[in-house]
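Scroll down for the structure; my scribbles are underneath it.
No lab work stands behind these numbers, since they all come straight from the coordinates. Because the structure is predicted, anything quoted here is derived from the model rather than measured. All Cβ positions, even for glycine, are placed from backbone atoms using ideal geometry, and neighbour counts span all protein chains on display.
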């Protein structure tokens with residue numbers, strides 16, 4: 001207990017606040033971690049679930065693959081993965097990045113004190129999301145898992161489905177298919193499912209269509225809310241805006257499709273109106289995507305500029321901490337626009 005308290009106090013001391021913004025409904029601050037680097041792994045050594053339970057907070061840890069070579073990839077992206085801990089102490093992992101990232105992801109979770117994953121979410125059946133979950137040295141092989149949530153749609157490539165089915169047979173997770181209209185609670189946090197439609201379950205899709213079947217989950221805790229929508233493209237964004245316009249207004253958004261311009265339209269940014277946006281993949285975020293969110297009042301973070309990103313909310317206020325300072329100020333003009341939009 002004394003060691004954990006010392007770690008928490010050190011974490012409080014080793015941050016530098018780079019900007020603070022008061023917004024209607026809560027106070028949002030942005031900080032840069034000033035502690036020692038842990039190499040390629042996450043810098044925070046803390047018991048994330050216990051901290052959530054003790055402080056009554058949701059904690060989001062967006063993973064980074066910065067500096068790592070992904071041998072299995074045709075490009076540089078390592079994919080998506082985010083750990084969420086809940087006020088009741090429950091643990092969720094959304095996606096597991098590529099298979100090459102599995103050892104880093106496992107080590108990250110161990111440094112965050114994770115021993116069990118209560119809720120494991122696979123947004124859709126692409127290898128930069130499932131790879132680190134089903135690999136022999138990945139999440140299912142190293143952690144006890146309560147329930148694994150999938151969207152029920154299939155990759156058009158039979159070899160992918162076979163690989164996934166084989167992993168399910170080996171690890172035998174408790175599978176639960178989620179679709180549009182489903183909802184459940186994790187303690188005091190409400191979870192609503194906006195995508196995909198239930199009539200797509202069991203059907204096979206190619207790359208773009210598969211991205212558009214990604215699970216879209218909204219988390220609501222008191223006055224704070226967050227939205228994760230996998231890799232949906234602009235056409236799927238438009239459909240969700242039509243169906244859920246009044247429910248899309250959130251505080252935190254995981255940028256869809258790794259912050260690419262296939263997604264994250266101006267209309268999506270205006271509908272979601274987040275205060276914080278985080279993009280992960282190891283690829284630079286598209287400038288127009290950054291601008292879309294900033295002009296809607298969001299501060300945008302990405303692993304290529306900021307390293308690991310931690311977001312903590314008590315249901316009202318929110319603190320975003322990055323693992324390193326930016327050395328590239330090419331997006332600074334958009335941060336100025338974001339702050340100006342918030343002050344209006």
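Is any residue of the stretch 217-250 close enough, with backbone N under 13 Å, to a label point placed 7 angstrom from the Cα of residue 185 along the Cα-Cβ axis, and if so, which? Within reach of a label on residue 185: 220-222.
Each of residue 261 and residue 156 was given a label point 7 Å from its Cα along the Cα-to-Cβ line. The distance between the two points is 2.5 nm. Each of 51, 316, 109 was scored by other Cβ atoms within 10 Å of its Cβ. Listed from fewest to most, they are 316, 51, 109. If I build a Gaussian network model for the chain, linking alpha-carbon pairs within less than 10 angstrom, which residue out of 149, 308, 331 has the largest mean-square fluctuation? Evaluated over the chain, the most mobile residue of the options is 331. For the pair residue 38 and residue 336 in one chain, pulling the backbone fully straight at 0.36 nm per residue adds 104.1 nm over the alpha carbon distance. Would the stretch 214-344 count as rounded, prolate or oblate if I go by the C-alpha gyration tensor, calling it rounded below 1.5 in a/c and otherwise prolate when a/b exceeds b/c, oblate otherwise? Rounded is the answer for the stretch 214-344, as its axis ratio a/c remains below 1.5.
Modelled label positions at residue 147 and residue 295, each set 7 Å beyond Cα in the direction of Cβ, lie 4.1 nm from each other. The stretch 222-292 and the stretch 67-129 have their alpha-carbon centroids 20 Å apart.
Beta bridges per DSSP, both residues in the stretch 214-344: antiparallel share near 50 percent. Classify the chain as rounded, prolate or oblate from the Cα gyration tensor: take a ≥ b ≥ c as the square roots of its eigenvalues, call it rounded if a/c is under 1.5, otherwise prolate when a/b beats b/c and oblate if not. Since a/c stays below 1.5, the shape of the chain is classed as rounded. With neighbours defined as other Cβ atoms within 10 Å of a residue's Cβ, the residues 237, 36, 337 order from fewest to most as 36, 337, 237. GNM remark for the chain: springs join alpha carbons under 10 Å apart, and the peak mean-square fluctuation among 55, 330, 225 falls on 330. Look at 329, 95, 192 and count the other Cβ atoms within 10 Å of each Cβ; fewest to most, that gives 329, 192, 95. With springs only between Cα atoms under 10 Å apart, run a GNM on the chain and tell me which of 146, 230, 131 wobbles the most. Greatest mean-square fluctuation among the candidates belongs to 146.
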